[in-house]
Amino acid sequence: MTAGAVTAPPGAGLPYRARVVGLLATGHRFAGLSVAPGGAAVRAQFARPGGPVEVVTADVDGGSVASIVDLVPAAAWDEREAHDRYGVGFAGHEPLRALVDHGELDTWTTPVRGEDTYQVAVGPIHAGVIESGHFRFHLVGDRILHLDARLFYKHRGLERAAEGGPLSWGLAHVERACAGCAVANAVAYVQAAEEVLGLVPGAGTSRARTVLLELERVWNHLNDIAAICAGVGLAAGNTRFSALTDRARRLNAVLTGHRFLFGTVQVGASALAVSADRVRVVRADLAELRREAEVSWRELIFNTSLTARLPGIGVVAADDAERLGTVGPAGR
């Protein structure tokens, strides 16, 4: 999706929801919702590949605007945050549960009642390295009826910290927002900066960024398989794919000097400069990593202890993925 100039959407005289319906009908996808300074208006952004970003504005009348969450489920978190932070109501968004305002539990949990139902609360402190998050599972036996997730316990202030500095300063914050997607975030950042500056990266820079994105994707996929094994209690699979993940990260360090590929993407350039000898070594290591990953994967798919726990898990229909604004591998 290419960012472009902000323009007034077609049919700007139509009511807020009608304009949203019109944009969705022409192939636009929801790209974010924010509150204007002073809380006087709500602005929803929509974009489509190769086109400009369209902004639809709704005046806050009596402290409230019409919700669009039924039209665009992806707007749910933005509307909830706008309500928590600015007090804006969204008519039709029921229940408008808290997102970043961590008050009483009953303001965000869903009551589940009935014979044999019970709740399991997990977090917000975890025995791992994930961010703080409270997850409340509503269960009957092993069947999960509903999950309430409460995140946003920590605010690192990265956007404010990056304000007023050079592009390289902002880039450092972007990379560190998420080590698992340092390259993906950095590439998005530099592409936006290059568009504003009128810079067009050369073929070599684009090729280097593609290689870096693929290196990041490889270790993330291996890590995700390890996490799936951990989630269903298959310690052997978790250990095996965690080891493969670490090998992929060590390969990143050999190639770029950093396990998480920090510092490899810059505005107008890429820092991926590798000798022919090192390229040959890395290619050989990648080929061996692929072979071992394929063997390990084959062992997993023939392990009935694993496969019996997976049918129906994590399946999202294509229409639902589009309505939820899903992007990246999950969207594809």
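With a Förster radius of 35 Å, plug the Cβ-Cβ distance of PHE152 and HIS258 into 1/(1 + (r/R0)^6) and report the FRET value to the nearest 0.05.
Efficiency, from the Cβ-Cβ distance: 0.80.
Pulled fully out, how much extra length does the chain show between LEU197 and ALA269, if you take 0.36 nm times their separation in residues and subtract their Cα-Cα distance?
Length gained between LEU197 and ALA269: 24.6 nm.
Only loop residues by DSSP count here, and only those with at most 16 other Cβ atoms within 10 Å; note down the trypsin sites (Lys or Arg not before Pro) in region 185-282 that meet that.
Answer in residue order: ARG259.
Once you have the Cα-Cα distance between ARG250 and ARG113, take 0.36 nm times their residue separation minus that, and quote the gain in nm to one decimal.
Full-extension gain reported as 44.4 nm.
When the helix-only estimate is applied to the chain (DSSP H runs of n ≥ 4, each -39,500 (n - 2.57), divided by the residue count), what is the mean residue ellipticity at 222 nm, nearest 500 deg cm²/dmol? Mind dumping the intermediate values first?
Values: 11 runs with 143 residues, N = 332.
After summing the helix terms and dividing by residue count, I get -13500 deg cm²/dmol.
Give or take rounding to whole Å, what are the principal axis extents of the alpha carbon atoms in the chain, in descending order?
Each principal axis gives a Cα extent; for the chain these are 66, 62, 36 Å.
For the chain, report the accessible area per residue in Å² (1.4 Å probe, heavy atoms, rounded to an integer).
59
How would region 52-188 be classified by its alpha-carbon gyration tensor: rounded, prolate or oblate, with rounded meaning a/c under 1.5 and the a/b versus b/c comparison settling the rest?
Judged from the Cα gyration tensor, region 52-188 comes out oblate (a/c at least 1.5, b/c at or above a/b).
Using 0.36 nm per residue, how much length does the chain from ALA36 to HIS102 gain when fully extended, once their Cα-Cα distance is taken away?
Numbers: separation 66, 0.36 × 66 = 23.76 nm, distance 2.35 nm.
Contour length minus the Cα-Cα distance gives 21.4 nm.
Sort region 73-112 into rounded, prolate or oblate with this rule: let a ≥ b ≥ c be the square roots of the eigenvalues of the Cα gyration tensor; rounded if a/c is under 1.5, and if a/c is not under 1.5, prolate when a/b is larger than b/c, oblate otherwise. Could you put the intermediate results ahead of the total?
Numbers: a/c = 1.84, a/b = 1.28, b/c = 1.44.
In terms of gyration-tensor shape, oblate.
What Rg and what Dmax come out for region 177-235 when only alpha-carbon atoms are used, in angstroms?
Cα radius of gyration and Dmax of region 177-235 are 15.7, 51 Å respectively.
To two decimal places, what compactness ratio does region 140-254 give when its Cα radius of gyration is scaled by 2.2 N^0.38 Å?
That works out to 1.40 for region 140-254.
With all protein chains present, calculate the accessible area of ASP61 using a 1.4 Å probe and round the result to the nearest 10 Å².
Only protein atoms counted, so the area is about 130 Å².
Just to verify a number: FRET efficiency for ARG85 and THR239, C-beta to C-beta distance, R0 = 35 Å, to 0.05?
Plugging the Cβ-Cβ distance into 1/(1 + (r/R0)^6) gives 0.25.
Work from the charge dipole of region 180-268 (Cβ charges, +1 for Lys and Arg, -1 for Asp and Glu, about the Cα centre) and give the residue of ASN223, ALA203, GLN266 farthest towards its positive end.
Going by the charge dipole, the pick is ASN223.
So, R0 is 22 Å and r is the distance between the beta-carbons of ALA227 and GLU292; what FRET efficiency does that work out to, to 0.05? Please list the in-between numbers first.
Numbers: r = 18 Å, r/R0 = 0.83.
With a Förster radius of 22 Å, E is 0.75.
Any chance you could get the radius of gyration and Dmax over the Cα atoms of region 203-332, in Å?
17.3, 50
Which of the three applies to region 278-332, rounded, prolate or oblate, going by the alpha-carbon gyration tensor with a ≥ b ≥ c and a/c under 1.5 meaning rounded?
Here region 278-332 falls in the oblate category.
So if I place +1 on the C-beta of Lys and Arg and -1 on the C-beta of Asp and Glu, and nothing else carries charge, what would the dipole magnitude of region 48-93 be about its Cα centre? I want it in debye, nearest 20.
120
Enter the Cα centre distance for the pair region 28-72 and region 133-153, rounded to the nearest angstrom.
Taking the Cα centre of region 133-153 as reference, the centre of region 28-72 is 30 Å away.
On alpha carbon coordinates alone, what is the Rg over Rh value for region 238-286, Rh being the Kirkwood radius? Don't jump to the answer; show the numbers that get you there.
Working: Rg = 12.4 Å, Rh = 11.8 Å.
Rg divided by Rh gives 1.05.
Which distance in Å, rounded to a whole number, links the C-alpha centroids of region 232-306 and region 192-206?
28
Please list, in order along region 251-264, the HN-Hα scalar couplings obtained from phi with the Karplus expression 6.51 cos²θ - 1.76 cosθ + 1.60 (θ = phi - 60°), rounded to whole Hz, x for Gly and Pro.
4, 4, 5, 4, 7, 10, x, 8, 4, 9, 6, 5, x, 9
With a 10 Å radius around each residue's Cβ, average the other Cβ atoms per peptide and rank 109-116, 182-189, 163-170, 221-228, highest first.
182-189, 221-228, 163-170, 109-116
With the dipole of the chain worked out from charges on the C-beta (+1 for Lys and Arg, -1 for Asp and Glu) around the Cα centre, which of VAL53, PHE90, THR110 lies farthest toward the positive end?
Result: VAL53, furthest along the dipole toward the positive end.
Ignoring ligands, DNA and RNA, what percent of the accessible area of the chain is carbon or sulfur (1.4 Å)?
56
The values are calculated or read from the model by the stated rules, or taken from the named source; none is laboratory data. Note that the structure is predicted; figures quoted are calculated from it, not measured. We place every Cβ from the backbone using ideal geometry, glycine too, and count neighbours over all the protein chains shown. For accessibility, only protein heavy atoms count, side chains too; no ligands or nucleic acids. Shrake-Rupley method; radii C 1.70, N 1.55, O 1.52, S 1.80 Å.
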